[in-house]
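The values are calculated or read from the model by the stated rules, or taken from the named source; none is laboratory data. Keep in mind that this is a model prediction, so the values were computed, not measured. Note that each Cβ is placed from the backbone with ideal geometry, even for glycine, and that neighbours are counted across all protein chains shown. To get the accessible areas, we keep the full protein, side chains included, count just its heavy atoms, and leave off ligands, DNA and RNA. Shrake-Rupley method; radii C 1.70, N 1.55, O 1.52, S 1.80 Å.
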Amino acid sequence: MSKSVAGGVRPGVIIDIEHRLLKQLIVGKQKVAASMFDELDRELEGDANKLDIERDAVLERLTKQIQAKQVFEAVSAQLITTVKTTLDNQLASPELLLKHSGINETQMLMLEALHQKNIDLNRLRLLITDLPWLCRDLTNMVNSPTFRHKRQQRSDIKVTDIKLVLNFIGVENLRMLIPYYCLRNWLPTGHANLLWTTRKLWRYAMITGIAAKALAQLNEQDIALSYSCALLYQLGASVVLKNGAKVYESIWGNWLREASASRDKELYDAVLATEFPAEDVYQLVLLHSHQLNWQLLSLLNFGESELTTVQTELGNHLSYSELSTYGAIVARASCFAKVMMLEDMRMIDAKEKRLMYDYYELSEQEVIRLKGQNYRKLDLI
């Protein structure tokens with residue numbers, strides 16, 4: 001009889017499987033089709049494809065010119081070292097990262113309010129009004145063709161008043177939609193070098209969130225709290241990636257302009273062909289993301305919040321068995337999301353899948369419930 005791995009200190013094989021997915025999310029070259037999950041700028045996809053084509057052409061030319069290739073290797077190594085050093089300095093200061101993270105006190109107050117039994121809609125409306133991007137997203141959703149047909153009367157009238165928008169959406173839908181739009185605000189959107197990474201991370205985050213919602217419902221726990229905790233679990237990774245992209249694009253852009261001004265074709269080509277250091281950033285995500293999940297929330301003075309407590313557990317506890325009810329729900333949801341995505345990529349076998357489910361103690365009933373969920377869109381009431 002094989003020895004059970006359930007619940008204890010995470011075995012190396014479990015860690016390897018989990019890192020396998022994260023590496024594919026950040027370093028993997030798979031291109032993900034656009035969907036309602038990302039709604040990214042179409043022009044950005046064109047920019048990303050154009051950049052790939054330009055780099056491939058330059059690299060092909062460089063391989064035919066040994067001297068030019070040596071220049072490329074030296075310049076590229078120096079550029080990447082500069083990027084890594086700058087990013088290391090930023091990651092050493094969570095206070096600095098908080099300014100660029102996309103999360104603030106208003107968002108945390110909203111997430112806190114959403115898992116209260118009796119939501120104060122007036123207070124929630126005031127908080128939403130403080131976030132113009134959230135007002136815009138919620139208003140656009142209510143006025144979208146797919147939502148308009150649900151409005152029984154005067155569906156042809158465009159709604160602009162935020163109070164009416166919230167009334168049309170309803171409290172239970174707001175519990176799902178507000179964390180959804182907050183997550184989209186945290187993700188590193190608008191960066192051509194991270195287009196495919198952002199889409200994959202978005203899908204992973206939403207599978208985790210929907211799975212956490214289903215597990216909470218099955219186990220009669222707070223659905224809104226579980227769902228928000230699951231989406232917050234991606235905050236640290238999003239911040240590291242976002243800052244990595246900003247640092248790279250700033251340094252790469254400056255070097256490219258200087259090379260162009262110098263009219264040195266070899267130097268210009270070497271800088272142009274230097275790709276975003278995905279492997280290095282992946283290592284930084286492994287090192288910092290789980291700690292940033294709770295550090296950033298604590299810096300916003302939400303250290304005592306249950307949302308922060310769950311992130312602290314997930315970042316610091318070495319074994320699944322040490323987790324609280326909500327920490328365990330997020331861990332099981334994340335496990336299911338990892339297995340599901342690795343299966344889609346054909347990068348996990350049946351034995352590894354069973355090990356993952358055994359370690360995170362996913363019951364047969366839970367797996368059946370999770371497999372029955374719709375992970376392509378949020379099912380609103």
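Once the C-beta distance of Val367 and Leu51 is scaled by a Förster radius of 35 Å, the resulting FRET efficiency is 0.30 to the nearest 0.05. With 31 Å as the limit on Cα-Cα distance, the pairs of Lys213/Lys246; Lys246/Lys338; Lys29/Lys265; Lys99/Lys353; Lys23/Lys246; Lys117/Lys242 that go past it are Lys213/Lys246; Lys99/Lys353; Lys117/Lys242. Considering the zone a paramagnetic label at Gln78 would reach in this model (a point 7 Å from Cα along the Cα-to-Cβ line), which residues of segment 261-281 have amide N under 17 Å from it? Once the point is set 7 Å along Cα→Cβ of Gln78, 261-275 turn out to lie under 17 Å by backbone N, inside segment 261-281. When shorter helices are ignored and each DSSP H run of at least 4 residues is given -39500 (n - 2.57), the per-residue value for the chain at 222 nm works out to -22500 deg cm²/dmol. The ellipsoid equivalent to the alpha-carbon distribution of the chain has semi-axes of 37, 28, 20 angstrom, derived from the gyration tensor eigenvalues as √(5λ) and listed largest first. Taking the protein heavy atoms of the chain in the context of the full set of protein chains, the accessible area attributed to carbon and sulfur is 50 percent at 1.4 Å.
Taking a straight Cα-Cα cut-off under 17 Å and skipping sequence neighbours fewer than 8 places away in the same chain, the aspartates and glutamates within cross-link reach of Lys163 are Asp120, Asp130, Asp137, Glu172.
Using label points projected 7 Å from each Cα along Cα→Cβ, tell me how many nm separate His100 and Arg10, to one decimal. Going from the His100 label point to the Arg10 one covers 2.6 nm. To the nearest ten degrees, helix 235-262 and the longest principal axis of the Cα atoms of the chain are 30 degrees apart.
Using a cut-off of 14 Å between beta-carbons, work out the net charge of the residues near Leu96 (Lys and Arg +1, Asp and Glu -1, Leu96 not included).
+1
Counting only alpha carbon atoms, the long axis of helix 325-344 and the longest principal axis of the chain meet at about 50°. The C-alpha atoms of the chain define a longest principal axis, and helix 105-114 lies at about 40 degrees to it.
When a/c reaches 1.5 or more, the comparison of a/b and b/c decides; with that in mind, is segment 302-381 rounded, prolate or oblate per its Cα gyration tensor? Since a/c reaches 1.5 but b/c is at least a/b, the shape of segment 302-381 is classed as oblate. Peptide packing: for 118-127, 160-169, 230-239, the average count of neighbouring Cβ atoms within 10 Å per residue gives the ranking 230-239, 160-169, 118-127, highest mean first.
In this label model, Asp349 and Asp161 are separated by 6.4 nm, measuring between points 7 Å along each Cα→Cβ vector. Shape call for segment 149-236 from the C-alpha gyration tensor, a ≥ b ≥ c root eigenvalues: rounded (a/c under 1.5), prolate (a/b greater than b/c) or oblate? Note, shape of segment 149-236 comes out oblate.
Shape analysis of segment 48-188 places it in the oblate category; the axes a ≥ b ≥ c from the Cα gyration tensor give an a/c of at least 1.5, with a/b not above b/c.
Note that segment 227-308 presents 38 Å² accessible area per residue, ligands and nucleic acids not counted, probe 1.4 Å.
Placing unit charges on the Cβ atoms of the charged side chains and taking the dipole of the chain about its Cα centre, the candidate lying farthest along the positive direction among Leu177, Asn143, Gln107 is Asn143. Under 14 Å from the 7 Å Cα→Cβ point of Gln70, by amide nitrogen: which residues of segment 260-283? Within reach of a label on Gln70: no residues.
Just want to confirm a number: the relative contact order over the chain, from Cα pairs under 8 angstrom separated by 6+ residues, in percent.
Taking the mean separation of contacting Cα pairs over the length of the chain, I get 29 percent.
What FRET efficiency comes out for Lys29 versus Arg257 if R0 is 22 angstrom and r is the Cβ-Cβ distance? Round to the nearest 0.05. It comes to 0.20. Segment Leu126..Leu286, full-extension length gain: 53.9 nm, with 0.36 nm per residue of separation and the alpha-carbon distance subtracted.
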